[in-house]
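J.: First, the structure itself, so that you have it in front of you.
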Amino acid sequence: MTTARRAVDAAPLIAETDLPPAAHFMDGTFVEPVTGGLIDVVDPCTEKVVARIPEGTTEDVDRAVSAALRAKGEWARRLPRERSEVLHSIADRVAEHAELLAGLESANTGKPLSVSRDDVAQTVDTFRFMAGAVRATTALAAGDYAENHLSVILREPLGVIGVVTPWNYPLLMAAWKIAPILAAGNTLVLKPSEQTPLTTLKFAELVADLLPPGVLNVVNGYGPVVGARLAEHPDLDMIALTGSVGSGRAVARAAADTLKRVHLELGGKAPVLVFPDADLTAAAQALRVAGFWNSGQECGAACRVLVHESVAEEFVRQLVDEVSQLVVGDPQAGEDVEVGPMVSKAHFDRVSGYLERARKAGIRAATGGEALDGPGYFIAPTVLVDVPEGAEAAREEIFGPVITVETFTEEEEAVRRAGDVPFGLSASVWTEDARRSHDIAARLDFGTVWVNSHLVLASEVPWGGFKGSGYGRDLSVYALDDYSRTKHVMHNHGR
Ligand code: NAD
């Protein structure tokens, strides 16, 4: 029986003085809300309120957008080198405060400190990569493509961008947007998840003196109010959201009237295809991490195994062995803690509901399958086996520490069933056969396909989905492209 390990007599993760101001950030400073109430920010390990932040209104959004509009001309005119230097100084500032940010992230999300530290390190790397990439952009060579006409391609910023971020990687998902948006010469207004605003506000506080006022603005509040106003705002040029499919639809609908661009990083349900010739031990060990990193609250999580029937028994044995060893606990319960709680009571209830319905449908948990004793929103790392094709647990995004295992007979069937979900974010293929790995990767309808790996990311390579997982790319030069526009200037030089 799994239990959540608790810290005994540990020093608090954060001091009262580490908290950011409970306010919106606009025009380079923290400001009081126009009106409105307060939102409780809860530590999911203790269920205690750690802070209260203002519930933003549409007026707050409009004020922030005005600040971003005022700032956009000067920021856009800066040379790539100058913007790059600012991004490097932001990376330095984040690195200097890495432990503070990691502690704050863990206090707000319950993540193991190792995960929060990784988030901060990736945040630093995202800023460093974008700082370099913006100085090395490429395009069609200037030249004559029509007789006597010289064509020059300009890459311009879009202008002002609205950003909405989720709760699973609060700081890192903000960085994935802020870094390329600023590098490309835009200004922005960002709404963090109302559940996890602390590291985004702290980030704004830490970098306030590095950016001209109005370039970065943060408005707290709920999606249907603050996020919706960003999506519909007539003065914004794009709305970028990382979140659920439902929020993506709402944002795209609200953006339609102004025809602003839309950038969506939505949910996932990553299939893991295990073929008979796969290294089963390597796959089981990798899934211990890739299925349960961030407690499975990860859009690319390796959550849906499709294993060939001839190796299913052995693979499940090894997977269950790995998963049942996972250390669950709160962030101060030791450096070896691998899995924390669900982020909120609502999400805990949602994940518990999936487990309950799977049980009622006769699906067996080979390990886990239940909630752990409180306080806190902990769920045991779970492997559901003998899952029938089309079962809810294998089709919908549970977003918790749950892996489902289905078996297949034919390769063709595996590819078809892998794609038989509304999502298309990521997938993995496990085989030692190079021809098979290439062929199957090419046929899978997912934005990222790993071969003999899962959930390995790098700032140089793009991240984003197909189908219900949205469109647009984070990370890499493709993100810089997404946050810029192309202008063609043609000179008639005939004489
Ligand atoms: P969510 O959609 O509930 O919330 C995301 C953000 O959208 C929050 O800030 C929320 O306030 C806001 N929002 C909600 N309704 C809105 C509306 N009508 N208009 C504008 N904004 C609105 O998602 P979540 O629960 O915070 O995050 C989990 C989801 O995010 C999962 O589906 C996960 O797969 C996805 N996600 C995807 C990626 C990716 O890169 N593809 C990364 C992380 C998370």
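The values are calculated or read from the model by the stated rules, or taken from the named source; none is laboratory data. Note that this is a predicted model, so its numbers are computed, not measured. Quick reminder, even Gly has a Cβ in these numbers, built from the backbone with ideal geometry, and neighbours come from all protein chains shown. Remember, those area values only see protein heavy atoms, side chains included, never the ligands or the DNA or RNA. Shrake-Rupley method; radii C 1.70, N 1.55, O 1.52, S 1.80 Å.
J.: Want the number for residue 149 to residue 434: 0.36 nm per residue separation, take away the alpha-carbon distance, what's left?
T.: 97.8 nm
J.: At R0 = 25 Å, how high is the FRET efficiency between residue 349 and residue 324 if r is their beta carbon distance? Nearest 0.05 is fine. Present the calculation step by step, with values, prior to reporting the outcome.
T.: Values: r = 24 Å, r/R0 = 0.98.
Once the sixth-power term is evaluated, E becomes 0.55.
J.: Separation between the residue 46 and residue 420 pseudo-spin-labels, each 7 Å from Cα along Cα→Cβ, expressed in nm?
T.: Placing both labels 7 Å beyond Cα along the Cβ direction yields 4.8 nm.
J.: Which whole-Hz couplings ³J(HN,Hα) result when phi for each residue of region 390-396 is put into the Karplus expression 6.51 cos²θ - 1.76 cosθ + 1.60, θ = phi - 60°, listed in order with x for Gly and Pro?
T.: With coefficients 6.51, -1.76 and 1.60, one gets x, 4, 3, 4, 9, 10, 9 Hz.
J.: Moving on. Show 16, 356 ordered by accessible area, largest first, where the area counts protein heavy atoms only and the probe is 1.4 Å. Don't skip to the end; give the middle numbers.
T.: Values: 16 155, 356 70 Å².
Accessible-area ranking of 16, 356, largest first: 16, 356.
J.: Quick check on the chain: helices-only [θ] at 222 nm, where DSSP H runs of length 4 and up contribute -39,500 (n - 2.57) each and the sum goes over total residues. Nearest 500, please. Could the numbers behind the result be given before it?
T.: On the way: 15 runs with 179 residues, N = 495.
Calculated mean residue ellipticity at 222 nm is -11000 deg cm²/dmol.
J.: Please arrange 404, 281 by accessible surface area, largest first, computed with a 1.4 Å probe and ligands excluded.
T.: On the way: 404 0, 281 60 Å².
My answer, sorted largest first, is 281, 404.
J.: Of all the accessible heavy-atom surface of the chain, with the other protein chains kept in place and a 1.4 Å probe, what percent is carbon and sulfur?
T.: Exposed carbon and sulfur together represent 51 percent of the surface.
J.: On a 0 to 90 degree scale, rounded to 10, what angle separates helix 58-77 from the longest Cα axis of the chain?
T.: Result, in degrees: 60.
J.: Another question about this same structure. For the pair residue 11/residue 285, report the inter-label distance in nm, with labels modelled 7 Å from Cα in the Cβ direction.
T.: Between residue 11 and residue 285, the label points sit 3.5 nm apart.
J.: Take 448, 258, 199, 486 and sort them by solvent-accessible surface of the protein heavy atoms, 1.4 Å probe, largest at the top.
T.: Working: 448 25, 258 55, 199 0, 486 90 Å².
Result, largest first: 486, 258, 448, 199.
J.: Follow-up question, since we're still on this one. If you plug each phi of region 459-473 into the Karplus form 6.51 cos²θ - 1.76 cosθ + 1.60 with θ = phi - 60°, what whole-Hz ³J(HN,Hα) values come out, in order, with x for Gly and Pro?
T.: 5, 6, 10, x, 9, x, x, 10, 6, x, 7, x, 8, x, 10
J.: Using the Karplus curve 6.51 cos²θ - 1.76 cosθ + 1.60 with θ = phi - 60°, work out ³J(HN,Hα) for each residue of region 341-351 in order, rounded to whole Hz, and write x for Gly and Pro.
T.: Ordered by residue, 3J(HN,Hα) equals x, 5, 6, 8, 4, 4, 6, 4, 5, 5, 5 Hz.
J.: Along Cα→Cβ, 7 Å out, is where each label goes; now give me the distance between the ones at residue 141 and residue 70 in nm to one decimal.
T.: 4.6 nm
J.: I'd like the FRET efficiency for residue 373 and residue 79, computed as 1/(1 + (r/R0)^6) with the beta carbon distance as r and R0 of 56 Å, rounded to 0.05. If you can, show how the numbers build up before the last one.
T.: Details: r = 58 Å, r/R0 = 1.03.
So the FRET efficiency works out to roughly 0.45.
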